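Below you'll find the structure, written out as C-alpha cells, and then a few comments.
Values quoted throughout were computed directly from the atomic coordinates according to the rules given, and no laboratory measurement underlies them. In this text the structure is predicted, and so the values were computed from the model without any measurement. Glycine also receives a Cβ, built like all others from the backbone with ideal geometry; neighbour counts cover every protein chain displayed.
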Amino acid sequence: MNTWQAWRADALIAAVVLALGVADTYGRLSASGLVERPLDTAGLALLLVSSLALAFRRGAPVPVGVIAVGCGIAYYGARYPGVFATGPALVSIYTAAVLGRRRLAIVLAVALAVGVSVPVALAEGDPEPGGLTLLSGWLMAAVVVGEMVRNRRAYVREVERRAAEAERTREEEALRRAGEERLWIAQELHDSLTHAISVVNVQASVALQTFDHRPELARAALTAIKEAGHEAMDELRATLGVLRQAEPDGEAGLARLPRLVARTESAGLPVRTVVVGARRELPAEVDRAAYRIVQEAFTNVLRHAGAASITLTTEYRPGMIVLGVEDDGTSRPGETGNGMGLIGMRERAVAVGGSFTAGPRPGGGFAVRAELPAAAGVEPSAAVRAPGVAGPAGAELPVGHP
C-alpha cells in the first residue's frame, strides 16, 4: 500500500469513527448511567478533533494518540453522553501497537482508563454495572490485537523475504552451475582438440617432407593423422553425450595412457614411462583430471619443445597420485607466449582438491608435476582459480609452455 492509499484508508476510518460517535450521542444508543449534559459545540468539537486526527495515525502515532486520549478524557470529564467517544483513542492505541510502539500503546491505554475512571468515581450517581470493566477489556483488546497483527505482518514479511532469498539463491546457483559447465566444456574441448590438432600438424609436416622420397613414412604419418582425427571425434562425441545427459562412450582416464603414448611417439617424440607403486582405481573425477593433465603436457611438448624426449612418471602414494611429465626440449619460459595450457592443467588439479606446479628444469627442458587425491570420496574444490592467481603453494605459475 502506497502513501496515498494509506492516507485515504485512514481518512475513511476517521470519518467512520466520527459518524459512529455523533450517531451514538444524538441517537442515544448508549448511556453511562451518570448524570449527563447535552452535547454542545465544545463536545462536538472534541469528537471532531479526536476523530479527524486519525487520518494521520500512521505518520504521527504519538501526537495522534495524545490528542485522541486527551479528547476522550476531556469528553467524559465534562459529562457528555455516549460511550463511542473512546473510539478514536482505541484506534490510536491499536495503531501504536501495530507500529511496534508497545510502550506508547500501554501508556495511552492506562492514561485513558485512569482519566475515565476518576470522573466516574467522583460522580454523584452510580455508573452502569460493568461499564469500566468493559472499557478496560476494550483497551486490553486494542493492545493485544495490535501486537498480534504486528507479529503476523512481520511473519509474512519474513516468509516473503526468505522466498525471495531462496529464489535469488536458486538463480545464483543455476548461474554458477552454468559457469562451471561452460568451463568444463572449454577444458574438455581444449585438451582433446589441441592435442589432436598438434599431432595432425606434426604428422602433416612429416608427410609433406617425406612424400616424394619416403612414401612409406608419409603413409604412416597420414595413418597417424587419421587415428588422431578419429580419437578427437570420439572425445567430442563423449563430451556431447555428457551434455545430452547420456552415458559417454569412453571416459578419459589413465587407462588410455598407452594410446596417448603411442600417438605421441608416432609424432616423433620418444616417451619413457615410469610407474611407481601398485596401480589402483581412482575416483572418476581424479582419473579424468589426471589423464587430461598428462595429455595437455604432451601437447605442450609437441607444440613448443622442439626435438625432445618425454619422461612420464606415475607414482601411486597412500591417498595420492603424483604425475610428472618432463622433457629435454630447448624452449624456455616466456618464449611461447601466454597460452591456456598451464592454466587449464592447474584448474583441473585444483578442482579435484590437488595441487599443480610447472617450470623449467635446471638442466634444460620443462617439468610438470601434479599431486591429486586418490582416495574415494574426496570432495572436489568448488572454486577454480582465475588466470594469474597464485597456485596452491602460494607461488604463481611461471609462463612457459601454454
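List of remarks:
- For the range 253-316 versus the range 38-106, the gap between their alpha-carbon centres in whole angstrom: 87
- For the range 361-368, backbone phi angles converted through the Karplus equation (6.51, -1.76, 1.60; θ = phi - 60°) give residue-by-residue couplings of 7, x, x, x, x, 9, 10, 10 Hz, Gly and Pro being listed as x.
- Label separation (Ser205 vs Ala9): 7.9 nm, computed from points 7 Å beyond Cα along the C-beta direction.
- Remark: Val64, Val83, Val118 ranked as Val118, Val83, Val64, counting other beta-carbon atoms within 10 Å and listing the fewest first.
- Proximity of backbone amide H atoms, modeled 1.01 Å from N, is registered between Gly353 and Ser381 at under 5 Å, excluding neighbours fewer than 5 places apart on the same chain.
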